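Below is one structure; the comments refer to it alone.
The values are calculated or read from the model by the stated rules, or taken from the named source; none is laboratory data. It should be emphasised that the depicted structure is a prediction, and the values quoted were computed from it without experimental measurement. Note that we place each Cβ from the backbone using ideal geometry, even for glycine, and neighbour counts take in every protein chain shown.
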Amino acid sequence: MGEFKKFIDEVTLSAYYRGANILQYSDGGGELYISFQVLLKFLEEQVNMKSNGKSIVKIDWESDKPYFAFSTSVSFNLLKCYLYNSYVPTSDGAFSQSGVFTFNPFNTFATPSTPPPFLTTAQTERSGKINGINDAYTKANATEKVYRVYPQVGNINYIYLNAGFVAEQMTKQADAADSAVSVRKLLQGICDEVGKALGSINDFQVILDDDENILTIIDYNQKRIKGLADIEGSQVTTIKAQGLGSFVTSISTQSSITPELATMISVGAQANGNKPGVEAVSFSLMNKGLIDRFYVEKSTPGETDKTDEDILAKSEKERSTKYEKTREAYIIFIANQKESSDKVFFKSTDKLNLENICADFYKTLLGAFTNNKQTSTSFIPVKIDLSLAGMSGIKIFQRFTLSGDVLPYTYKDNFDFVITGVSHEISNNGRWITKLSAIIALKETQ
């Protein structure tokens, strides 16, 4: 019990952690929230299995973990999580004492001038560079207009989780057939629900770095953050896929089209790839200049417009109308999270679940930012699997290109491959094979 109390005191009182706080509702009710960093720290220090004083699989709670967000990002389901957004601003919590007990802003990263003691010099320098990306986004969008929406880099550590939601997820895991709670499944379940609450523009995944035996959380959509790849040090290497000197033993490709992706491609095939609820600008850009020779004229029941120009104009008008209605609902929701007399305007009986509204709004914004090149384009759904002669040091999210003798000519110099999976295989005869799974992505300059 003494160790547990020490842990609570540490994460509550430390000026850097700001690990727990309460949202007080207007009718007197309230909810307790803990930061994602505190949950990870608790699992690492109080739950994780150790050997000789060291974790068998370390849970990374220290390092800052970037994810794609907007300047006005908030949570749309306070029963799951909460974001303190100092720009909007939402409530900084019921307890405030010299900045110690307030929530940390969602886009907080360590700075070299005041580094936390648990980060290495390299990690602190990396966080400082991420701060630079946020500063550049802010400077590029500086305006007198209040609450301008622009891309920001959020920190997964400072997504605050509803304590009741975390307990519910633990109970859900314990209901499995073997009554065992898997840390990885628990975290992934939390990540899936948090992703919905934040607008469904993130893909939070719990991954295990086999080389360093560290479990961490990555937003797969951090690829949209321009310049982050350079900070992560992901220098692009060209792999010679065949011929003399190649160490590739096999190569295969495949494409899997989900119903959601099929919708994106269909929308992207038209003149306007950006509609509320669907962000298909990347596919629309790929199809720029192409003509649909099968369905030259398109119309829906009751409309007389048939040319692409007429359809585009009408589509844009409908999109703008729906966008404005969604934006109004978004503003009202943000206003209800602002603080008044140490309370938010919500009542404890409110359902607080408007995830569909933010999904429509955020995806429309995402398409707009992709269209004007403020964010990187999304992945094209082509997966490649490589088998190489044994090689260590390869990590998820590093990039590589393939020599031009394998890819079609139109792919030359336009695409990279981003590694999504690494595994190793050693046969009985001592042969070592490294297997890579990667997905193709447009270069940031495209």
Flag if Asn162 is in the same structural domain as Thr90 (by TED's automatic domain parsing), touching a residue at least 60 places away in the same chain (Cβ under 8 Å), farther than 16 Å from Val74 by Cβ and crowded, with 20+ Cβ neighbours inside 10 Å: no
Checking the structure you have, find out if any residue of the stretch 199-214 is over 21 Å from Phe68 (Cβ atoms), in contact with a strand residue (DSSP E or B) (Cβ under 6 Å, 6 or more places away or on another chain) and in contact (Cβ under 8 Å) with a residue 60 or more places away in the chain. yes
Looking at Ser127, Ser75, Ser71, which one is touching a residue at least 24 places away in the same chain (Cβ under 8 Å), touching a Cys at 6+ places or on another chain (Cβ under 8 Å) and small (Gly, Ala, Ser)? Ser75
For Val149, all conditions in the list (1) over 21 Å from Ala335 (Cβ atoms); (2) β-branched (Val, Ile, Thr); (3) modelled with pLDDT under 85 hold save one; what is the number of the exception? (1)
Report the residue count in the stretch 108-127 for those that are assigned to a loop (DSSP other than H, G, I, E, B) and crowded, with 17+ Cβ neighbours inside 10 Å. 5
Residues (farther than 13 Å from Gln37 by Cα and aromatic (Phe, Trp, Tyr)) located in the stretch 60-119: Tyr67, Phe68, Phe70, Phe76, Tyr82, Tyr84, Tyr87, Phe95, Phe101
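Residue-wise test of (1) surrounded by 20 or more Cβ atoms within 10 Å (Cβ to Cβ); (2) among the polar types (S, T, N, Q); (3) modelled with pLDDT under 80.
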{"site": "Ile8", "(1), (2), (3)": "no, no, yes"}
{"site": "Leu13", "(1), (2), (3)": "no, no, yes"}
{"site": "Leu32", "(1), (2), (3)": "no, no, no"}
{"site": "Ser35", "(1), (2), (3)": "yes, yes, no"}
{"site": "Lys41", "(1), (2), (3)": "yes, no, no"}
{"site": "Ile56", "(1), (2), (3)": "no, no, no"}
{"site": "Ser71", "(1), (2), (3)": "no, yes, no"}
{"site": "Leu78", "(1), (2), (3)": "yes, no, no"}
{"site": "Val100", "(1), (2), (3)": "no, no, yes"}
So how many residues does the stretch 27-42 have that are part of a loop (DSSP other than H, G, I, E, B) and either within 24 Å of the chain's Cα centre (by Cα) or among the charged types (D, E, K, R) (or both)? 1
